[in-house]
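As structure tokens, the structure follows; a few thoughts come after it.
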Amino acid sequence: MALISAKTIVTSLCLFHITLAYFFYTNPDAIAEQAIVYVLGEAMGMPQTASFATPSATSSFLAVSLLLTGVSDLLTLSMPEEIWLLHHWSAQAPLRITLFSGLSLFAYLSSPSYGRAGPNRLSHPLTPPASFLAASAGATATGGDGLRNRVFFTFAFLEFISWLWVWATIKEEADRFVTRKRRRGSSSVAG
């Protein structure tokens, strides 16, 4: 038996998305300076980003996207339990696990500290980061450059872990739900 129900976990994730939406819209720097972002970023060698210093069009778009995701996911929980438990979230959770694990791997493996054109994890600890910046100054920017930072990595990694937890809980609750439904069906036939 799970300690926390799948509905509670999904509701918490929805409220987390809505809270993130508020901060990305009003003060994105508050997210970039969170302790978990710093700790995970430092542990994984992810670079910091100055993109979240002030609200921008990008952070506003991200806020609206997170708000829509949070509200629509909350609305799915208002459907009958059979629909959201057996059909919707049992398909959504593995999809989101795959998506967010791929995104966190992309952010980690494509980050400058992984070994692309600059100091890597095996280089001397006193290697100045300015040498990396000078080496990459001539390189052209790609669309994925905005995803190679500790804020994005932390978000993708936390989403991956959360949806993995949701999926494990949903599988357990779905089995119990089907068993309970079979028992009710067999008792009504016998009566």
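Observations, loosely collected:
- A crude spin-label estimate for the pair LYS181 and HIS87, with each label 7 Å from Cα along the Cβ direction, gives 1.0 nm.
- Cα-projected label distance for TYR38 with MET79, points at 7 Å along beta-carbon direction, nm: 4.2
Just so you know, all these numbers are worked out from the coordinates, no wet-lab data involved. Bear in mind that the values here come from a model prediction, so they are computed numbers and not experimental data. Cβ: placed from backbone, ideal geometry, glycine included. Neighbour counts: every protein chain shown.
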